[in-house]
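The values are calculated or read from the model by the stated rules, or taken from the named source; none is laboratory data. This is a predicted model, so every value here is computed, not measured. Using ideal geometry, Cβ is built from the backbone for each residue, glycine included, and neighbour counts are taken over all protein chains shown. Just the protein is used for accessible areas: all its heavy atoms, side chains included, with ligands, DNA and RNA removed. Shrake-Rupley method; radii C 1.70, N 1.55, O 1.52, S 1.80 Å.
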Amino acid sequence: MQPFRQAMRTNTRNNNTRNKEARADRQVTAPAAEDSQAAGASLSNRVKPVSNAIEIVRYLSKVRQPATVTQVARQLSINPSTCFNILRTLVWEGLIDFDEPSKSYTVGLGVVKLAEGALSERERLASLQQKIHEVAERYGVTLLLWRRIGDDRMLLVSVENSSADLQIHLRTGQRLPLLLGATGRVVASHLGLTRQQLKEKFRLLRWARRLSFDEFWRDVQTAVQRGWAVDDGFFGVGATTVAAPVFDRAGRVSHSLVAIMFRGQHDQTSIKRIAHDLIRLSGALSTALS
């Protein structure tokens with residue numbers, strides 16, 4: 001109950017004025033006492049829709065996989081119609097995400113943002129681990145998160161493997177030149193370098209296969225247009241990488257999200273789907289890691 005003010009008439013001068021003011025004061029302070037009682041209210045006095053919404057978020061956080069309205073309603077014993085309305089509201093508030101093709105729900109980035117002040121960078125990344133794993137598993141690839149360090153280096157801070165029998169393994173802690181691979185092509189246009197300055201840095205790079213600067217430059221321009229880049233065997237023999245940039249709050253590239261796979265594992269159509277999933281995921285990472 002919200003505190004309220006008792007309107008008082010000040011233009012009357014009868015003997016009851018003091019009594020009226022005293023009663024008004026008691027009315028103003030009464031809600032505070034009621035709020036105190038509400039704080040210690042029994043479970044029977046809880047607001048059921050609020051409790052249901054919290055239970056839904058807890059459930060989705062616990063199962064760590066997408067769930068439909070029917071599954072959520074059954075597991076939590078909530079009326080399906082009520083459950084649907086609560087889920088729709090939680091999606092609108094950004095606390096959970098809705099996947100249209102599968103008609104399912106997962107915990108959204110909004111939950112992370114609520115706890116942002118208490119999360120370290122590693123914990124923020126862990127909060128998106130499920131979504132990262134889903135993409136890796138969907139395509140049978142390994143997802144890498146590289147953090148930009150300084151002006152020309154990157155550090156591998158996260159590796160997410162799929163359950164595929166054959167995988168490409170990399171160890172966290174590796175450092176590489178920032179302009180190598182698909183990452184180099186996708187971040188080059190965000191470094192504030194002229195073509196000549198970029199060419200000078202390019203000369204210092206060592207590629208697994210010969211790559212001319214003109215080819216690299218064309219790839220950079222293509223990456224500018226579509227928002228992602230691909231390296232087909234130049235970063236590593238027998239490997240293809242696809243990269244999408246992750247930006248900080250100032251709009252600078254802070255990380256690069258990369259899918260690495262065997263050459264020929266996916267055709268061009270499939271690679272485009274991977275790239276689009278990386279872009280969506282990199283947007284979530286931009287928000288979570290900023």
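Rounded to the nearest 0.05, what FRET efficiency do SER102 and HIS190 have when you use their Cβ-Cβ distance and R0 = 22 Å?
The value I calculate is 0.05.
Leaving ligands, DNA and RNA out of it, report the carbon-plus-sulfur percent of the accessible area of region 163-290 at a 1.4 Å probe.
Working: 3220 of 6690 Å².
It is 48 percent, rounded to a whole number.
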Pair GLN75, ARG58: separation of 7 Å Cα→Cβ label points (nm): 1.3 nm
Å³ per residue enclosed by the Cα convex hull of region 177-290: 93 Å³
Solvent exposure of region 47-161 as accessible area per residue, Å², 1.4 Å probe: 56 Å²
Interchain or long-range residues, amide H under 5 Å from VAL107's placed H: ASP97
Förster-model FRET efficiency, 35 Å R0, ARG252 and ARG210, C-beta, rounded to 0.05: 0.65
ARG203-GLN265 pseudo-label distance in nm [points 7 Å out on the Cα-to-Cβ vector]: 3.6 nm
1.4 Å probe accessible area per residue over region 213-290, in Å²: 44 Å²
Total formal charge among the other residues, if their Cβ is under 13 angstrom from that of VAL187, Lys/Arg +1 and Asp/Glu -1: +1
Pairwise centroid distance, computed over Cα atoms, of region 66-99 with region 214-242, Å: 41 Å
